[in-house]
Amino acid sequence: VRYHIRQESTVTISESQASSELLGETVILELQSGVYYGLNETGSFIWGLMQSGKTLVEIQELILAEYDIEPEVCANYIIKLVGKLAAKGLLKVDNQAVV
């Protein structure tokens, strides 16, 4: 299943994962499959923001305040990352429409 993720979407961390920060990066274990995933520093920053149930717009605003990046590039990066994490079962996307 592919999801249409909008900037107004809210993401929450799945209960079927365990994550930990390790040397500035985040390691995520998907509990049902036993597969580990890793996020770099920027992905880890976004992961931390997603844990608080913010919309993607709110996450983008916080990233733009922290990093020197173009808004459109930032939005595309977030949506792409959220799509990949949701496809792996690590996130739940609210306000989503099935494509």
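The values are calculated or read from the model by the stated rules, or taken from the named source; none is laboratory data. Keep in mind that what you see is a predicted model, and the values were worked out from it rather than measured. Here the Cβ positions follow ideal geometry from the backbone for every residue, glycine too, while neighbour counts run over all protein chains shown. What goes into the accessible areas is simple: the full protein's heavy atoms, side chains included, and nothing from ligands, DNA or RNA. Shrake-Rupley method; radii C 1.70, N 1.55, O 1.52, S 1.80 Å.
Calculate, for the stretch 1-82, the solvent-accessible area per residue in square angstrom, rolling a 1.4 angstrom probe over the heavy atoms of the protein chains. Don't jump to the answer; show the numbers that get you there.
Numbers: 5110 Å² over 82 residues.
For the stretch 1-82, the solvent-accessible area averages 62 Å² per residue.
Would you please report the Å³ per residue occupied by the convex hull of the alpha carbon atoms in the chain? Don't skip to the answer; put the middle values down first.
On the way: hull volume 8.8 nm³, N = 99.
In the chain, the Cα convex hull volume per residue is 89 Å³.
Between residue 92 and residue 65, what is the label-point separation in nm under the 7 Å Cα-to-beta-carbon projection?
If labels sit at residue 65 and residue 92, their model points lie 2.7 nm apart.
When the accessible area of the chain is computed with all protein chains present and a 1.4 Å probe, what percentage of it is carbon and sulfur?
Numbers: 3070 of 6130 Å².
Carbon plus sulfur share of accessible area: 50 percent.
Work out, step by step, the length gained on full extension between residue 37 and residue 12: first 0.36 nm times the residue separation, then minus their alpha carbon distance; give nm to one decimal. Working shown, then result.
Details: separation 25, 0.36 × 25 = 9.00 nm, distance 1.70 nm.
Result for the pair: 7.3 nm of gain on full extension.
Could you work out [θ]222 nm for the chain from helices alone, using -39500 (n - 2.57) per DSSP H run of at least four and dividing by all its residues? Round to the nearest 500 deg cm²/dmol.
Rounded to the nearest 500, it is -12000 deg cm²/dmol.
Between the stretch 69-93 and the stretch 1-52, what is the C-alpha centre distance in whole Å?
10
Residue by residue through the stretch 66-80, what is 3J(HN,Hα) from phi via Karplus (6.51 cos²θ - 1.76 cosθ + 1.60, θ = phi - 60°)? Round to whole Hz and write x for glycine and proline.
Going residue by residue, I get 8, 10, 8, 8, 5, x, 5, 5, 4, 4, 5, 4, 4, 4, 5 Hz, with x marking Gly and Pro.
Grab the Cα-Cα distance for residue 27 and residue 77, subtract it from 0.36 nm times how many residues apart they are, and report the gain in nm with one decimal. Each step should come with its number before you reach the end.
Working: separation 50, 0.36 × 50 = 18.00 nm, distance 1.91 nm.
Contour length minus the Cα-Cα distance gives 16.1 nm.
Rounded to whole Hz and in sequence order, give me ³J(HN,Hα) for the stretch 47-54 from the Karplus expression 6.51 cos²θ - 1.76 cosθ + 1.60, θ = phi - 60°, writing x for Gly and Pro.
4, x, 5, 5, 5, 9, x, 7
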